[in-house]
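The values are calculated or read from the model by the stated rules, or taken from the named source; none is laboratory data. Here the structure is a predicted model, which means the values were calculated and not measured. Here the Cβ positions follow ideal geometry from the backbone for every residue, glycine too, while neighbour counts run over all protein chains shown. Side chains included, ligands, DNA and RNA excluded: accessible areas come from the protein's heavy atoms. Shrake-Rupley method; radii C 1.70, N 1.55, O 1.52, S 1.80 Å.
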Amino acid sequence: VLLAGDIFDGGGTYFETGAEFVRCLRDMSVPVFIAPGNHDPYDARSPYAKLDIPQNVRIFTERDVECAELPELGVRVYGAAFTDGPDITNIRTERAEGTWNILCAHGEVGFDPVNEQALSASGLDYAALGHIHKASGLRRSGGTWYSWPGCPEGRGFDECGEKGILQIDIDGETVKAGFIPTAARRYEKLRVEPGADALAAIRAALPKDTADDIYKIILTGESFAAPDLAYLRQTLERDFFALTFSDETVPPRDLWRRAGEDSLAGRFLRRMQRRIETAETEEEKKAAEETANENKDLFEEIKKALN
């Protein structure tokens, strides 16, 4: 198991969090390698230095690359800690028949010290990387395959969608990556044009099962009447773990499209049109346009009250 950093958000960790982390590591029946990241760098104050780390776990503690041998598995695992950035620019591996060279490091390809040139010249079979919260998919530089899985669970609406880990299978020169979803809850953003019936439009756009997920529903497009967010939230919130709304609707670009209606709104707009046509100054014309725009929703509220 390769954990490429940012397991913790910082050095201040709750005791219960550390205890659960150690328990999970101890329950694993395989070797585990950890390359501390920029959020949880290795130093004397870090959780890694304070916790009772099980024997099956190796934490890389130096900026320079170290190598751990697993001869019974035919694997060498290279790794480095993020202190002021892991230095993998000079990594060199020894090719041996039946032995795989794997790197576990926290960094983003394209920015020093992790770059395509270094990976290509490294002789690595695979590099397990961290840092980026969005999955990269399997990539290749020279003879080295690499990827980062993203975060195992989203923590906000900037980390939407399915999250998980990667299972990497190496067979000769063939490397395959299988995605394993792990998120108990997903963050999702849904954009909906409410039309005449916002509730119906939202329900038509939603997937079937959202009970475990955290949603932000964004209402967009043109609308004469402001959506009743309190009513929508009260009606829909039981279908989600958590639900928020954002109203991004705008008044119709053509304010006067309802002027021909046989309704209170239509009569009001026709009167405003006449006021604009007979206005003697630009100030009077602007005032009439603003009155029409500010009061266009009033008649919808009157209609709801009468019903």
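Some notes on this structure:
- Per-residue extension of 0.36 nm, minus the Cα-Cα distance of residue 267 and residue 239, leaves a gain of 6.0 nm for this segment.
- Amide H within-cut-off set for residue 128, under 5 Å, with H built and near neighbours excluded: 103, 104, 105
- Extreme residue, positive dipole direction of the chain, given options 279, 68, 142 (C-beta unit charges): 279
- If you bin all the Cα-Cα distances of the range 1-78 at 10 Å, starting from zero, the percentages per bin are 17, 53, 25, 4.
- Working from the Cα coordinates of the range 109-215, the gyration tensor eigenvalues give, after taking √(5λ), semi-axes of 38, 14, 11 Å in decreasing order.
- For residue 20, the accessible area of its heavy atoms, probed at 1.4 Å with every protein chain present, is near 90 square angstrom.
- Each residue of the range 53-67 was assigned a 3J(HN,Hα) from its phi angle through the Karplus expression (A = 6.51, B = -1.76, C = 1.60, θ = phi - 60°), giving 6, x, 5, 7, 10, 10, 9, 6, 10, 10, 5, 6, 5, 10, 10 Hz with x at Gly and Pro.
- In order along the range 155-162, phi translates into HN-Hα couplings of 10, x, 6, 8, 10, 7, x, 5 Hz, rounded to whole numbers, per the Karplus curve 6.51 cos²θ - 1.76 cosθ + 1.60 with θ = phi - 60° and x for Gly and Pro.
- Between residue 52 and residue 228, the FRET efficiency estimated from the beta carbon spacing at R0 = 45 angstrom works out to 0.25.
- Taking the C-alpha atoms of the chain, convex hull volume expressed per residue in Å³: 215
- Near residue 54, once Lys and Arg are set to +1 and Asp and Glu to -1 for all other residues with Cβ below 10 Å from its Cβ, the sum equals 0.
- Long-range HN-HN contacts of residue 5 with modeled amide H, under 5 Å: 35
- Phi-derived couplings, Karplus 6.51 cos²θ - 1.76 cosθ + 1.60 at θ = phi - 60°, listed residue by residue for the range 115-124: 9, 4, 5, 5, 5, 5, 8, 6, x, 6 Hz, with x used for Gly and Pro.
- Viscosity 0.692 mPa s, 37 °C: Kirkwood-radius Stokes-Einstein D of the range 189-240 over Cα pairs, µm²/s: 286
- 5 angstrom amide H check on residue 42, placed H, neighbours 5+ away: 82
- Rounded accessible area of residue 126 (nearest 10 Å², 1.4 Å probe): 10
- Other residues whose C-beta falls under 14 angstrom from the C-beta of residue 211 contribute a net charge of -2, scoring Lys and Arg +1 and Asp and Glu -1.
- With the alpha-carbon atoms of the range 34-73 aligned to their principal axes, the span from lowest to highest coordinate is 34, 24, 14 Å, starting with the largest.
- Pairs beyond 24 Å (Cα-Cα), from 163/216; 50/163; 134/216; 176/208: 50/163; 176/208
- Charge sum, other residues only, whose C-beta stays under 15 Å from residue 24's C-beta, Lys/Arg counted +1 and Asp/Glu -1: -3
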